Each structure stands twice: as C-alpha cells, then as structure tokens.
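A.B. asks: Next up is a structure, given as structure tokens.
The values are calculated or read from the model by the stated rules, or taken from the named source; none is laboratory data. Predicted, not measured: the structure shown is a model, and the values here were computed from it. All Cβ positions, glycine included, derive from the backbone under ideal geometry; neighbour counts span all protein chains shown.
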Amino acid sequence: MCTAIVGYDPRARVPVFLAGVRDEMLDRAWTPPARHWPGRPGLIGGRDELAGGTWLAADPAA
C-alpha cells in the first residue's frame, strides 16, 4: 500500500490527515485492523495474510 501524509497540524482535533491506496491486487487476502502482533501489543493495523505484515498500522498510546 502507498500511504501519504497529506496534512499535519498538532493543534487540530485530528492532527494527522492520511490518504492511502490499498494494494491493487484485489484478491490478496487480508485481515481488518486489530492487534495482530503479540510482540507489539499496542500496534493496531490491517494484516496482509500473504506476507504477514501490514499496509498501515499505528500505536495509539505512542
């Protein structure tokens, strides 16, 4: 996935505005955002079932 930070304003209610385009391979298996990685319990993201990674994740506590 390609992700771009389109805007950043630390004073705003939502300080970061992201735009993204998911992988163009529509048949690629994925799991919706959740806490998929036991070694990183705070990380929430969608999981690519083929590669095991993510196309976008965040740690809300950080």
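A.B. asks: Restricting attention to segment 24-62, which residues are of a type in the set (D, E, K, R) and either surrounded by fewer than 16 Cβ atoms within 10 Å (Cβ to Cβ) or on the phi > 0 side of the Ramachandran plot (or both)?
C.D. replies: If the condition is that a residue be of a type in the set (D, E, K, R) and either surrounded by fewer than 16 Cβ atoms within 10 Å (Cβ to Cβ) or on the phi > 0 side of the Ramachandran plot (or both), then 24, 27, 28, 35, 40, 49, 59 are the ones that fit.
A.B. asks: Which one of these is of a type in the set (Ser, Thr, Tyr), outside any loop (DSSP other than H, G, I, E, B) and at pLDDT 80 or above: 3, 31?
C.D. replies: Exactly one residue qualifies, and that residue is 31.
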